[in-house]
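Beneath this line is the structure, given in structure tokens, with notes to follow.
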Amino acid sequence: MRRELGMSLVLVLMCAGLWISNPDFLGQSNVVNTTRQIAMLGIYAMGMGLVIITGGIDLSIGSVIGLTGVLLAKISSSGMGCLGYPLWVGIPAALAAAVLVGLAQGLLITRLKLQPFVVTLGGMLLVRGVSQTVAEGGTLSFGDSPFLGLANGGLLRVSGDALIPYPLVIFLVVLAAGAYVLHFTVLGRYMYALGGNREAAEYSGIDVRRVEVSTYVISSATGGIAGICYASYIGQMSQQVGMGYELYAIAGAVLGGCSLRGGEGSALGILIGSALMRVIDNGINMFQIRHNDDGVPRIWRLDPNWTFIIIGAVILVAVVFDQVVHVAQAQRRASRAGEAKPAEPHPIEAPPAGAE
């Protein structure tokens, strides 16, 4: 909880600094759009967080997002080369494909004892290739379908903008479900146990293979849900959508307190980490410094080309901080164990010969 409080303070200070720099940061349009972006990232970051807590990694989640949107467009769009089926057919079919990807990867990892990094890396490329094949290397558009209202619509409209975008509602449901699974179910306790010490979890009778498979299925399912939201938000899909999204999910989970060693993390932390990532992303565009140059008022802004430099630096700082915290905790535990160790009794010397 200390880490979540610390990251919350960082988030508040960052928002305050951006608002002081540029009052438009807290303008209605920017707040609504940033909230929407946080929600869509948070949906699949939650699935990634569950995988990381068990000690795994899912590099394919970005490709799953793209595949879900491409399949949905192919099945339910009325554009050229698309099938034109209703959304109630396309959405379940696209989500089912996403779940099957997670199930296949989970079975490969658990049954063949393959490394999650290698399996999901291969899955990332394979799924991306499937998306490219389905889209035939082009773009599938939803046109003026009412489906576009899913991401761009919402509740409590003020001045034409919905203050509560529908993706935020979906994210809150996913967040509540993730928090319940992690903190109030046996499955959640098993996830922490698996990430903390796999061998100990096996010896205690936990079906580690089933738990591990379930995390990859959940991760892909959240990727599928996010893919539907992104498809509605963008309005057209290609194999390029979702590229690199897995890095944002990993960064959001790690910033929120999910240790890459496994066994640590929380739903609240994933929410805070996702918000930090999107605020940083938005802040790069919004941050500005007003100054005078020979009496001429000017505005200095960050170079958008620095985006990946800043995000990469943030990820490295988070990983280094995680390592420092673990080392400090290990030293503290060792110190306490040394202090708690009872003193060894002095050996009783034998009396000298002839003494009574």
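Rank 166, 44, 248 by accessible area, highest first, at a 1.4 Å probe radius?
Reading off the accessible areas and sorting them downward yields 166, 248, 44.
I'd like the trypsin sites (Lys or Arg not before Pro) in segment 39-127 restricted to DSSP loop residues with at most 16 other Cβ atoms within 10 Å, sorted by number. Each step should come with its number before you reach the end.
Working: sites: 74, 111, 113; in loops: 113.
Answer by residue number: 113.
How much net charge surrounds residue 107 when only the other residues with a Cβ under 13 Å from the Cβ of residue 107 are counted, with Lys and Arg +1 and Asp and Glu -1?
Local net charge: +3.
Need the C-alpha centroid separation for segment 1-40 versus segment 127-202, integer Å.
21
Applying 1/(1 + (r/R0)^6) with R0 = 30 Å to the Cβ-Cβ distance of residue 113 and residue 183, what FRET efficiency is obtained, to the nearest 0.05? Before the final figure, lay out each step's value.
Details: r = 30 Å, r/R0 = 0.98.
Calculated transfer efficiency: 0.50.
Which value, in nm² and rounded to one decimal, describes the direction-averaged projected area of the C-alpha convex hull of segment 248-308?
That works out to 5.2 nm².
Just the number please: accessible area per residue for the chain, 1.4 Å probe, all protein chains included, in Å². Display every interim value, and only then the final one.
Numbers: 18400 Å² over 356 residues.
Result: 52 Å² of accessible area for each residue.
Given the protein chains as shown and a 1.4 Å probe, how many square angstrom of residue 306 are accessible, to the nearest 10?
Probe radius 1.4 Å; accessible area of residue 306 about 100 Å².
For Cα pairs less than 8 Å apart in space and 6+ apart in sequence, what is the mean separation divided by the residue count of segment 208-277, i.e. the relative contact order in percent?
Numbers: 46 pairs, mean separation 15.5, N = 70.
Dividing the mean separation by the residue count of segment 208-277 yields 22 percent.
With a sphere of radius 13 Å drawn around the Cβ of residue 124, what net charge do the other residues whose Cβ falls strictly inside it have (Lys, Arg +1; Asp, Glu -1)? Before the final figure, lay out the partial values.
Values: positive: 128; negative: 58, 246.
Result for the neighbourhood of residue 124: -1.
What is the helix-to-structure angle for 245-255, meaning the angle in degrees between its Cα long axis and the longest Cα principal axis of the chain, kept from 0 to 90 and rounded to the nearest 10?
With both axes taken from Cα atoms, the answer is about 40 degrees.
Give me the accessible area of residue 333, 1.4 Å probe, in Å² rounded to the nearest 10.
140
Would you check the accessible area of residue 120, probe 1.4 Å, heavy atoms only, in square angstrom rounded to 10?
0
Compute the long axis of helix 166-184 from its Cα atoms, compare it with the longest principal axis of the Cα atoms of the chain, and write down the angle in degrees, 0 to 90, nearest 10.
That helix lies at roughly 20 degrees to the long axis.
Using Cα pairs closer than 8 Å and at least 6 residues apart in sequence, work out the relative contact order for the chain, in percent.
Result for the chain is 28 percent.
Which three lengths, in whole Å and largest first, does the chain cover when its Cα atoms are put on their principal axes?
110, 65, 35
Restricting to Cα atoms and excluding each atom paired with itself, what does the Kirkwood estimate give for segment 82-205 in Å? If you can, show how the numbers build up before the last one.
Details: mean 1/r = 0.0539 Å⁻¹.
By the Kirkwood definition, the hydrodynamic radius is 18.6 Å.
Share of the chain's accessible area from carbon and sulfur, percent, 1.4 Å?
Numbers: 12030 of 18400 Å².
Looking at the chain in its full context, I get 65 percent from C and S.
Over segment 85-192, what is the mean sequence separation of C-alpha contacts under 8 Å (at least six apart), divided by residue count, expressed as relative contact order in percent?
On the way: 43 pairs, mean separation 11.4, N = 108.
Averaging sequence separation for qualifying contacts and normalising by length gives 11 percent for segment 85-192.
Quick one: helix 267-286 against the long Cα principal axis of the chain, what's the angle to the nearest 10°, folded into 0 to 90?
With both axes taken from Cα atoms, the answer is about 50 degrees.
The values are calculated or read from the model by the stated rules, or taken from the named source; none is laboratory data. Everything quoted here is computed from the prediction, not taken from an experiment. Using ideal geometry, Cβ is built from the backbone for each residue, glycine included, and neighbour counts are taken over all protein chains shown. The protein model used for the area step is the full one, side chains on, heavy atoms only, and it has no ligands, DNA or RNA in it. Shrake-Rupley method; radii C 1.70, N 1.55, O 1.52, S 1.80 Å.
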